[in-house]
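Novice: Input: one structure, supplied below.
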Amino acid sequence: MSTSPNILLIYTGGTIGMIKDFETGALIAFDFDELLLNIPELKQLDCTISTLSFKEPIDSSDMNVDMWKNLGDIINSNYENYDGFVVLHGSDTMSYTASAVSFMFENLAKPIIFTGSQLPIGDLRTDAKENLITAVQIAALREKGKPVITEVGLYFEYKLLRANRTTKINAEHFEAFQSLNYPSLIESGVHLKVNKAFLRKVNRRKKMVYHTHFDNSIVIIKMFPGINEDILRRIFSIDTIKGIILETYGSGNTTTKKWFTGIIFDAIKRGIPVVNVTQCAGGSVEMGKYSTSVALKKAGVISGKDITTEAAVAKLMYLLGENLPLKVLKTIYETSLRGEMLEN
């Protein structure tokens, strides 16, 4: 006889955890010890829910590498005791944190589902209840006694997306996130429609490996017409920078000015990895497709393919933390590790 799954609900902060004080009208932190009292619908789910909160819940704008590790440590230390995890997180930096967590857990065999909301849980028109209830339901989803989802997902407004494929695209609409380069994993309607062909497969013979070394000595440079040579030289010459992400035009194009390509060549010569990602919301980097990216390819710039900027940041920090030689880092970066980019 199968027992119902145990789900750990972790609150890091964010709008979803706020309710309105009826006396003052101000938003105050929700007491997650009283979760089932405030959302009785959760009792109808076929699972046992435990709750845990950051000691000091934060606005997601204050999220940082140390807090990624704090969250990862909570999941790792409870990994054997629970069948799935739901992380409540502010929406502004959710894609960054969820991407980082996906790199933390190699050979993940259980669901880690991120969710949040645009309106507080106590608001009359809130999206928080549906997001939370369905995220828990997805984390508890089983087939033949095994979890259906074995990756880090992000659930928002009726869709479960691969977390490291997501970007927040709207600050006001309930449909705040999109995954423009990868299909949704689950769609929520009258029934949960699972798109099995797009789920990550797990090798259950391999043990889960937990990684915590993130090196945040990186910078993002967004290309724009008229980018300033002097400023760029000064940024690239900072001796503490260990990695650079270039947000380029279209399919990976930049200015062809010699001073620019010279800066890139020099950085790579110094052993600094330079990653090329597109600043377009969807699509992929294809260096060499146009003459404006041939020089980057020759210089040894890393192709980010169709990775999001959020996942590119997390992946670069993760690989820098592994202290790899530049050539090895380039090869691994251009390989899909957690389904974050094209396989080939």
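Novice: Taking residue 71 as meeting all but one of (1) hydrophobic (A, V, I, L, M, F, W, C); (2) more than 22 Å from residue 199 (Cα to Cα); (3) in a loop (DSSP other than H, G, I, E, B), write down the number of the exception.
Specialist: Result: residue 71 fails condition (3) only.
Novice: Next question, about the same structure. Hey, any hits in the range 144-155 for a residue that's over 28 Å from residue 320 (Cα atoms) and within 13 Å of the chain's Cα centre (by Cα)?
Specialist: Yes, the range 144-155 contains at least one residue that is over 28 Å from residue 320 (Cα atoms) and within 13 Å of the chain's Cα centre (by Cα).
Novice: Among the candidates 119, 124, which residue alone is in contact (Cβ under 8 Å) with a residue 60 or more places away in the chain, more than 17 Å from residue 178 (Cα to Cα) and in a loop (DSSP other than H, G, I, E, B)?
Specialist: On inspection, the qualifying residue turns out to be 119.
Novice: Follow-up question, since we're still on this one. State all residues of the range 136-154 that are on the phi > 0 side of the Ramachandran plot and surrounded by 20 or more Cβ atoms within 10 Å (Cβ to Cβ); if no residue qualifies, say none. Reasoning before the result, please.
Specialist: Step one: filter the range 136-154 for residues on the phi > 0 side of the Ramachandran plot, giving 144-145.
Result: no residue meets the conditions.
Novice: Would you check which residues across the range 197-244 are charged (D, E, K, R) and touching a Phe, Trp or Tyr at 6+ places or on another chain (Cβ under 9 Å) and list them?
Specialist: If the condition is that a residue be charged (D, E, K, R) and touching a Phe, Trp or Tyr at 6+ places or on another chain (Cβ under 9 Å), then 215, 229, 233 are the ones that fit.
Novice: Tell me, which residue of the range 216-239 that is of a type in the set (D, E, K, R) and not in a helix (DSSP H, G or I) is surrounded by the most Cβ atoms within 10 Å (Cβ to Cβ)? Lay out the reasoning, then the answer.
Specialist: Step one: list which residues in the range 216-239 are of a type in the set (D, E, K, R), which gives 222, 229-230, 233-234, 239.
From what is left, the residues that are not in a helix (DSSP H, G or I) are 222, 239.
Details: 222: 11, 239: 6.
The extreme case among them is 222.
Novice: Which residues, taken from the range 119-135, are at pLDDT below 80 and surrounded by 22 or more Cβ atoms within 10 Å (Cβ to Cβ)?
Specialist: If the condition is that a residue be at pLDDT below 80 and surrounded by 22 or more Cβ atoms within 10 Å (Cβ to Cβ), then 121 is the only one that fits.
Novice: Can you pull out the residues in the range 138-157 that are part of a loop (DSSP other than H, G, I, E, B), at pLDDT below 95 and closer than 22 Å to residue 16 by Cα?
Specialist: Correct list: 157 only.
Novice: Cβ-Cβ distance below 6 Å, separation of 6 or more or different chains: which pairs start in the range 47-72 with a residue that is within 27 Å of residue 145 (Cβ to Cβ) and in the same structural domain as residue 113 (by TED's automatic domain parsing) and end on one that is assigned to a helix (DSSP H, G or I) and among the aromatic types (Phe, Trp, Tyr)?
Specialist: Close Cβ pairs (under 6 Å, with a partner that is assigned to a helix (DSSP H, G or I) and among the aromatic types (Phe, Trp, Tyr)) amount to 51/32.
Novice: Filter the range 320-331 down to the residues that are of a type outside the set (S, T, N, Q) and closer than 11 Å to residue 303 by Cα and list them by number.
Specialist: Once the filter is applied, which keeps residues that are of a type outside the set (S, T, N, Q) and closer than 11 Å to residue 303 by Cα, the range 320-331 yields only 330.
Novice: Right, here's the next one. Where residues in the range 268-294 are among the aliphatic types (A, V, I, L, M) and surrounded by 21 or more Cβ atoms within 10 Å (Cβ to Cβ), which of them is farthest from residue 216 (Cα to Cα)?
Specialist: So, considering only residues that are among the aliphatic types (A, V, I, L, M) and surrounded by 21 or more Cβ atoms within 10 Å (Cβ to Cβ), the one farthest from residue 216 (Cα to Cα) is 287.
Novice: Ok, one more. Looking at the range 285-322, which of the residues that are among the polar types (S, T, N, Q) and modelled with pLDDT of 95 or more is farthest from residue 165 (Cα to Cα)?
Specialist: Narrowing the range 285-322 to residues among the polar types (S, T, N, Q): 291-293, 303, 308-309.
Applying the additional criterion that residues be modelled with pLDDT of 95 or more yields 303, 308-309.
Numbers: 303: 16, 308: 6, 309: 9 Å.
Per the stated criteria, the residue is 303.
Novice: Note down all Cβ pairs under 6 Å where the first residue falls in the range 75-95 and is of a type in the set (Ser, Thr, Tyr), the second is assigned to a loop (DSSP other than H, G, I, E, B), and they're at least six residues apart or on different chains.
Specialist: Here the result reads 91/116; 91/176; 93/63; 95/166, each pair linking the range 75-95 to a residue that is assigned to a loop (DSSP other than H, G, I, E, B).
Novice: Is it the case, given these coordinates, that residue 331 is without any contact (Cβ under 8 Å) to a residue 12 or more places away in the chain and among the polar types (S, T, N, Q)?
Specialist: The answer is yes for residue 331.
Novice: Ok, one more. On the given criteria, is residue 72 over 15 Å from residue 338 (Cβ atoms) and surrounded by 17 or more Cβ atoms within 10 Å (Cβ to Cβ)?
Specialist: No: the conditions fail for residue 72.
Novice: If you don't mind, there's one more thing I want to ask. If you go through the range 158-197, how many residues are assigned to a loop (DSSP other than H, G, I, E, B) and crowded, with 18+ Cβ neighbours inside 10 Å?
Specialist: Final tally of qualifying residues: 7.
The values are calculated or read from the model by the stated rules, or taken from the named source; none is laboratory data. Owing to the predicted nature of the structure, the values given are computational and were not obtained by experimental measurement. FYI the Cβ positions are ideal-geometry reconstructions off the backbone, even for glycines, and counts take in every protein chain you see.
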